[in-house]
Amino acid sequence: MIRRMSPLTGEIKHDRQKVRVGSLILVLLLTVAVSVSIGCKKQEQKAVKALVVNVRVGKAESRSLRPFVESVGTLKPYEEVIVSSEVDGILQSIRVDEGSAVSRGQLIAEIKETDYRLDAERAEAALKQAEASLANANQEYRRKEALHREELVTKQQFDDIAARLALAQGDVERAKSGLALAREKLTRTRVSAPMAGVVKEKKVTAGDYIRNGTNLISIIRVDQLKLAFSVPEKDVGSLQEGQDILFTVDSFPGREFRGKVKTLYPNLDEKTRSLPVEAQVVNQDGKLKPGLFARVTLYTGPAKATVVVPVTAILYDSSITKLFAVEGDRVKEKLVKIGRKYGEFMEITEGLKANETVVTVGQNNLMEGVQVHVAR
């Protein structure tokens, strides 16, 4: 018996064969792709494992260090005074120049005294005259007083002499005041230094006519100095008077100078958000000069054990701070928190212990688990 297939049935079988062939091809392609992918990953892993990076290392150390704040400042005179004239007249002489050392009470200038000496002599004569008038008034008062008791003079006459006596006494007092003032002006023609120090500036020369209030010279005290600097807002809470400071100046490279915090200002500078501070510095040898620029280290507490690593070990990645520690022949990435910088070392406050070995050179080429070779 002969079976006949319809055209439609033949086409369905043909399509099914095509689908099977296509599925087989797709499976083969996926198998090849997975094999290639797995092979690449194995090659990458072998490459990572085979990678050896040359590095230099250092040790995390525990050191006894004092917390501090760094700043910059300027040395200023401990005191400065401007000496002025208290009388008018011609400047007869000035006995100092810029840079001259002066002691307290030393004569530094003279104003022509002729007029003031004559005024003092006139005031003295006026006092003598007033005293003589008072003596006469006293004698007449005593006579009139006796006569008044015996009712030989009227009350009016006695009152008159009493008034004259009071006026004479007032004249004497005024004459004494006038003499004292004249003598005081005479003494002020000789100008003395109000404190020991060094002449910073001379503003007049002999022969100048000067008036009351004219500035003659300025004197600064330099056996002690002020060091003015500022501290950022974040460190203000650790400040107090009496704290030690160290500072250096370019004029004496390699030498450190010391001082103590003297003044903490009551308010912060609104522009810089920092607190002005002044320290007192002893300058007995006079080597330090006002106006010198200083690099300041202010110690804010006692020494304490601090873990530090070389600054070159630290890596900064956005807001993350990290380093690589060497464990065996491989590196481990560690996230750390840093504190203050101590010269060439950085404080580690969290994430690392003392005596761990850290990579200091070559860490930019590292990642977790990479094998390293320590260069000697």
task = Please work out which option in [x] 20, 43, 30, 7, 0; [y] 16, 23, 19, 16, 11, 7, 4, 2, 1, 0; [z] 27, 57, 16, 0 gives P(r) over Cα pairs in 20 Å bins from 0, in percent calculated from these coordinates, and answer with its label.
result = [y]
query = GNM, the chain, Cα, under 10 Å: largest mean-square fluctuation among 219, 320, 348?
reply = 320
task = Provide the FRET efficiency to the nearest 0.05 for the residue 121-residue 212 pair, computing r from the beta carbons and using R0 = 30 Å.
result = 0.85
key: Taking the chain and dividing mean pair separation by its residue count, relative contact order in percent (alpha carbons under 8 Å, at least six apart)   = 27 percent
remark   = Measuring from its Cα centre, the chain shows a charge dipole (+1 at each Lys and Arg Cβ, -1 at each Asp and Glu Cβ) which, in debye to the nearest 20, is 3200 debye
query = Taking springs between alpha-carbon atoms closer than 10 angstrom, which of 133, 192, 230 fluctuates most in the Gaussian network model of the chain?
reply = 133
Candidates 231, 81, 172: whichever shows maximal mean-square fluctuation once the chain is modelled as a Gaussian network with Cα springs under 10 Å = 172
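No value in this document is a laboratory result; all are computed from the given coordinates. As the structure is a computational prediction, the values presented were derived from the model and not from experiment. Cβ: placed from backbone, ideal geometry, glycine included. Neighbour counts: every protein chain shown.
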